[in-house]
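Heads up, the thing below is written out as structure tokens.
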Amino acid sequence: MTALPATRSAVPAPRRRWGSTGIRRRLAPYVFVLPFVAVFLAFSVYPLIFTARLSFTNWRGTGAAEWVGWGNYTYLLTSPGFWQSLGNSAVLWLLIVPIQLAVGVVIAVLLNSAKLRMRGVYRVAFIVPFVTPLVAVAQIWVVLFDQKYGAVNAFLGLFGLPDIGWLTTSEWAKPTLALLFLWKTTGFIVIILLSGLQSIDGNLYEAAALDGASRTRQLWSITVPLLRRTILFAVVLQTLAVFQMFAEPFVVTQGGPYNSTTTAGYYLYNHITRADLGTGAANSFLLVILVMALSLLFVRLLRAKD
Amino acid sequence: MSATITPTPPDELVERADTGSEGEPRRRRGRGAGLHIGSHAFLGVLLVAFLAPVVWAVLSAFKPANDIIRSPLAFDVGAFTLDNYISMFEDVPIAHGFLNTGIVLVFKGAITLFFAPLAAYAFAKYSFPGKNLIFGTVLLTLMLPTIVLIIPLLLEMKTLGWVNTYQALILPGSVDAFAIFWMRQVIAAVPDELLDAARMDGCGEFGIFWRVIVPVIRPGLAGLAVLTIMNIYNDFVWPVVIASSERMATLQVVLSTLAQNITGNRIGADYATVTGELLAASSVALIPLLVLFIVLQRHFINGILAGSVKG
């Protein structure tokens, strides 16, 4: 018996105490998950249930909570501010996701080619922004894009272009924020796309090259279709990130000018600062529902084409 | 959606990338040359765009404060000075911010790196009643945006009297659901024969984890470590809500107060001085992670890639 390669069910413990090892073995997993479960119940599950209840009250952090039923939800769904915040996030999505995926695919394909020199240098450079602390970068953005003293306007001035109120006008604030987001996260998307590219069979390209397909043709006929799952995965990730975006507007624009950068995530924070906790809780859930619906939509798209 | 991609192949990616620049030499130079120039031009422009803000900030922090705003594009190395750093360290409690971030990093990091793989080990290698229920809940919370929890967590901290304390910065999220999800995948790949052999040698259940699992999954743990360090170091939303007092502010919270100064809230400080201090502070905050990233590139890429499933 001792010589058999043990399967999981028949583990011989020849040396000692059958009973106690058996009990220990049955208890062990509970002991192992206990610290996690404790933290998880205290700081995830309990708060979640609490938010759900809170969203049906008008509690302002002190005093007695009054049950208002669906009141917070109907208030939000009929409030222009809520819809404006979703609209702002939708515009940011349009400014970010299509550009990021297009540029990301091109960068990833170029970096994936074994013939490219200095690949390591490029790869490191593109990931640097993702590693830097957002707050530090956001501050640098504030200085760089200052209308009067900023380096960006100084640079554009060299070409005779007029000063732009990047952070002070409602038409430019969103693009400036989108630029920060693009700068910060495109390297991350490139890593994801690169990992997808690694799984494409190189022989396909050789066969296509033999058939006389150009590089551009190969990109459209082989790379993009085979990378579709990875691309959609990246789209889902970035959709979640854009709709939850909070720290960027918090540091760079404080939601202004004229609420033009009050994203869905920032609007939620506004309720907290006003101690309007019930509405804030309802807003979180509406945001969760929206984000989940969008993810499901993208997953559907992914399935439909398979 | 976490199942749509398996985040494992980056090792290969790093390997190939490192050898590739020299390994596969100049066949087909002639035909691809035009394309190469085009590729390098495209990548080169992006490279400059990606590095410029950081380089500009780090260099500008050495300029006299007035020059930063008077001529933002000029760099006169001869006039470089440490004035911005000196006044920043005097005016801003940044050293204290580093201290707080360091304390949180050590404790929260240790908790994550020990308890997450331990729980993941139970999920991967044992079957026990309640396992599926617990793990199902873990998966569910992976999909929730973190902002949902901010309000109730803040209230919970108020009830516990934990506002502006280290435990409030350390405990919530310390045994992260994502870390468990990832480590479960890593540990599931360890062959059962290895565990059984250890058991035959009289190894206890925890001994198997500590002496067999941990050494085997070291690369995965390294990835988790850098991702955890990066997340804790850069974390901002929760600290700004829960630890806004000067005594408890983490590095990122200290930094964020500088931006408010720039909009003119700090009385008596002129724009140039604040800008200089801000760039000095941002540079100081950037550098530790950048150095770590350059040293541990491969683990960073592994961690970032695996972390992408978090959603």
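Read-outs throughout are calculated quantities, based only on the coordinates presented, and are distinct from any laboratory measurement. No experiment lies behind these values; they were computed from the predicted model shown. Backbone-built Cβ (ideal geometry, glycine too); neighbour counts: all protein chains shown.
Each peptide among A:27-37, B:245-255 gets the average number of other Cβ atoms lying within 10 Å of its residues, and from highest to lowest they stand as B:245-255, A:27-37. Computed from the C-beta positions of residue B:200 and residue B:66 and an R0 of 60 Å, the FRET efficiency is 0.20 to the nearest 0.05.
Among A:194, A:102, A:180, flag the residue with its Cα farthest along the positive direction of the charge dipole of region A:80-305, charges on Cβ as +1 for Lys/Arg and -1 for Asp/Glu. Final value for the positive-end residue is A:194.
Magnitude of the charge dipole for region A:80-305, about its Cα centre and with charges confined to Cβ atoms of Lys, Arg (+1) and Asp, Glu (-1), is about 580 debye.
Phi angles across region B:68-80 convert, under the Karplus curve 6.51 cos²θ - 1.76 cosθ + 1.60 with θ = phi - 60°, into 3J(HN,Hα) values of 4, 8, 6, 9, x, 9, 8, 10, 9, 4, x, 8, 4 Hz, Gly and Pro given as x. Rounded to the nearest whole Hz, the Karplus-based 3J(HN,Hα) values (6.51 cos²θ - 1.76 cosθ + 1.60, θ = phi - 60°) of region A:115-122 follow the sequence 7, 5, 7, 6, 4, x, 4, 4, with x at glycine and proline. Looking at region A:222-306, the chymotrypsin sites (Phe, Trp or Tyr not before Pro) that sit in a DSSP loop and have at most 16 other Cβ atoms within 10 Å of their own Cβ are A:258. Mean separation of Cα pairs under 8 Å and 6 or more residues apart, divided by the residue count, gives region B:90-310 a relative contact order of 33 percent. Comparing A:49, A:154, B:89 along the charge dipole axis of the protein assembly as shown, the residue lying farthest to the positive side is A:49, per the Cβ-charge model. Farthest towards the positive end of the charge dipole of region A:80-305, among the residues A:230, A:141, A:251, is the Cα of A:230, using unit charges on the Cβ of Lys, Arg, Asp and Glu. Stretched out straight at 0.36 nm per residue, the stretch from residue A:273 to residue A:118 would grow longer than its current Cα-Cα span by 50.9 nm. The loop-placed trypsin sites (Lys or Arg not before Pro) in region A:256-306, going by DSSP, that have at most 12 neighbouring Cβ atoms within 10 Å of their Cβ come out as A:274. Note that the protein assembly as shown shows a convex hull volume over its alpha carbon atoms of 196 Å³ per residue. Using only side-chain charges placed at the Cβ, +1 for Lys and Arg and -1 for Asp and Glu, the dipole size of the protein assembly as shown relative to its Cα centre rounds to 1840 debye. Remark: mean inter-chain Cβ contacts per residue of A:142-155 equal 5, using a 10 Å Cβ-Cβ cutoff to other protein chain atoms.
What the pair-distance distribution of region A:33-125 shows, using all Cα-Cα distances binned every 5 Å from zero, is 2, 10, 9, 10, 9, 10, 10, 11, 11, 8, 6, 3, 1, 0 percent. In terms of its Cα atoms, region B:99-253 spans 55, 32, 23 Å along the principal axes, sorted from long to short. Only lysine pairs 8 or more places apart or on separate chains count here, and in region B:90-310 those with Cα atoms under 23 Å apart total 4. Summing +1 for each Lys or Arg and -1 for each Asp or Glu among the other residues whose beta-carbon sits under 15 angstrom from that of residue A:43 gives -1.
Per-residue 3J(HN,Hα) values for region A:175-180, derived from phi via the Karplus relation 6.51 cos²θ - 1.76 cosθ + 1.60 with θ = phi - 60°, read x, 5, 5, 4, 4, 4 Hz in sequence order (x marks Gly and Pro).
Taking 0.36 nm per residue of separation and subtracting the Cα-Cα distance, full extension of the segment from residue A:38 to residue A:215 would add 58.2 nm. Given +1 at the Cβ of Lys and Arg, -1 at the Cβ of Asp and Glu and no other charges, the dipole of region B:90-310 around its Cα centre is 400 debye to the nearest 20.
Among the chymotrypsin sites (Phe, Trp or Tyr not before Pro) in region A:48-87, those placed in a DSSP loop whose Cβ has at most 15 other Cβ atoms within 10 Å are A:70. Model label sites at residue B:140 and residue A:300, defined 7 Å from Cα along the beta-carbon direction, differ in position by 2.3 nm. With Cα atoms defining each centre, region B:146-184 and region A:96-124 are spaced 37 Å apart in the structure. Near residue A:26: Cβ cut-off under 13 Å, other residues only, Lys/Arg at +1 and Asp/Glu at -1. The net charge is +2. Amide H contacts under 5 Å for residue A:57: A:68, restricted to partners 5 or more places along the chain or on a different chain, H placed in the peptide plane at 1.01 Å from N. Taking label positions 7 Å along the Cα-Cβ direction at both residue B:74 and residue B:245, the computed distance is 4.8 nm, reported to one decimal.
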